[in-house]
1. If you stretched the chain out fully between residue 389 and residue 241, how much longer would it get, using 0.36 nm times the residue separation minus the C-alpha to C-alpha distance?
2. Ranked from the most accessible area to the least, with a 1.4 Å probe and all protein chains present, what is the order of 158, 140, 400?
3. Put a dot 7 Å past each Cα toward the Cβ at residue 273 and residue 251; how far apart are the dots in nm?
4. Just list whichever of 66/208; 244/265; 62/212; 68/208; 62/208 have alpha carbons separated by over 19 Å in the model shown.
5. Express in % the proportion of alpha carbon pairs of segment 211-428 at distances exceeding 25 Å.
6. Kindly sort 377, 32 by accessible area of their heavy atoms, largest first, with the probe set to 1.4 Å.
7. Return the Rg/Rh ratio of segment 278-386 with Cα-based radii and a Kirkwood Rh.
8. Whose amide H sits under 5 Å from the amide H of residue 311, counting only residues 5 or more places off or on another chain, with H placed in the peptide plane?
Amino acid sequence: MAIEFKLPNLGEGVDSGDVVGVGVKPGDSVAKGQSMFEVETNKAVMDVPAPADALVVAVAVKAGDKVKPGQVMVTYEPAAASAAPSAKAAPAPAPAAQHPAPPTAGGPSRIPAESAQPSPLAATQAPAAPASDGRIVPASPSVRKFARELGVDLARVSASGSGGRVLEEDIKLYVKQALGSGASAAGPAAPPLPDFSKWGAVERLPLKGVRKATAQGMAVAWSQSPRVTQFDLADISGTEEARKKFSDSRKGRPGKVTVTILAIKAVTKVLAEFPHFASSLDMARGEVVRKSYRNIGIAVDSPGGLMVPVVRDTDKKSLSELAVELESLAEKVRTRKISLEEMQGGVFTISNLGGIGGTFFTPIVNWPEVAILGISKARNELQMVDGQVESRLMLGLSLSYDHRVIDGADGARFLRRVCEVLSNPFELVN
Ligand code: CAO
């Protein structure tokens with residue numbers, strides 16, 4: 001009996017992807033776990049593995065197709081049913097022609113898409129359809145029906161019932177919140193564009209992958225977070241001297257302690273004094289969600305686009321441990337090996353453009369966080385110190401924050417403290 005294999009869950013918040021590689025054709029034998037497709041989502045390229053030893057009967061998608069979880073990818077017969085001999089390994093999917101060349105010889109990141117529960121094979125006759133993230137969300141049949149009628153994905157609803165059950169009130173709250181947010185993920189509809197070709201030649205490039213995710217994420221962040229940006233200057237002359245000495249003493253060892261690492265330390269320290277900067281606002285419930293863990297996202301520029309991997313437990317790590325972790329995460333971003341999990345769970349973000357230049361900028365809060373620190377290039381400036389003009393190394397800092405949660409005075413105090421900590425090597429390591 002032929003079985004339809006449907007695309008499993010692609011990860012939290014990922015509702016579609018582009019097929020960039022097809023590694024099977026009708027008549028192929030595949031082994032369980034063997035990669036059949038490569039699907040590029042807004043975060044990474046994922047392998048879609050075979051769910052069982054099987055004989056491929058038909059392939060329902062081709063390179064370039066947009067696919068969604070639950071969509072039929074192949075029809076197959078289980079190896080036993082088709083009396084196929086033990087499946088042999090087929091070649092890995094060839095990247096489609098339009099897939100951009102990977103930045104390194106290692107190739108694009110391949111993250112196996114997790115199987116939907118209870119099993120992707122049960123897709124045609126699943127008793128209770130799993131939520132979009134593949135989980136079976138506990139809810140009564142009437143609540144399920146209610147969600148279906150409103151087109152609500154249960155996986156996205158915060159459950160307040162016992163044992164994680166979603167209640168009807170939870171769905172109403174979710175809908176209220178969604179309506180309250182006004183704009184769609186891509187922002188409010190913009191007026192139609194003029195016909196640019198009237199003025200000269202134009203080229204239209206598809207908006208996809210990381211670029212598309214960035215466009216959507218920024219529109220959400222911009223519309224959701226009424227923000228203010230505060231600027232300040234940190235005198236890092238002494239710290240930079242200490243950093244250089246420390247770096248020289250560690251030459252050749254992994255984990256370079258850079259300005260970004262010092263900023264992670266400083267922000268972590270100041271978050272302990274201003275815990276509401278590590279929160280999120282739940283307007284629907286009328287609550288501020290305060291997080292006591294300290295995971296800091298770092299904006300990383302890469303050929304694949306801007307990504308924000310998260311350095312974990314920054315309050316428990318030394319400068320060199322943070323440096324080793326950031327080096328590894330930045331490398332994974334640049335070689336497209338970063339996983340979704342490694343880009344989730346941040347409470348605050350740092351964006352350092354100092355390697356490129358500029359004085360100040362206005363970073364966009366990485367919603368649902370409430371604050372982000374932008375770092376510009378440190379430069380020598382003449383400053384008055386104890387009545388004398390001196391050349392000091394000054395680092396331009398820009399703190400954007402969500403004014404619904406943070407008042408201007410606290411924004412200024414927070415940033416001043418970051419400057420103080422960054423200016424004093426003893427405060428940094430204490
Ligand atoms: N001012 C002066 N010097 C700086 C600096 C700054 N703001 N930031 C870094 N430097 C120094 C470092 O201390 C290091 O000095 P040494 O060579 O003397 O040790 C040198 O520049 C190289 O640093 P780096 O850039 O390799 O490492 P980093 O840890 O500072 O930064 C990372 C890592 C991942 C943040 C960076 O490589 C990057 O991708 N930056 C871009 C972030 C971005 O795109 N932001 C925009 C987001 S919004 O569109």
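1. Gain on stretching residue 389 to residue 241: 51.3 nm.
2. In descending accessible area the options line up as 158, 140, 400.
3. Each label point is offset 7 Å from its Cα along the Cβ direction, giving 3.6 nm.
4. 62/212
5. 37
6. 32, 377
7. Here the Rg-to-Rh quotient is 1.03.
8. 296, 297, 298
The values are calculated or read from the model by the stated rules, or taken from the named source; none is laboratory data. This is a predicted model, so every value here is computed, not measured. Backbone-built Cβ (ideal geometry, glycine too); neighbour counts: all protein chains shown. Surface accessibility is based on the protein's heavy atoms, side chains included, excluding ligands, DNA and RNA. Shrake-Rupley method; radii C 1.70, N 1.55, O 1.52, S 1.80 Å.
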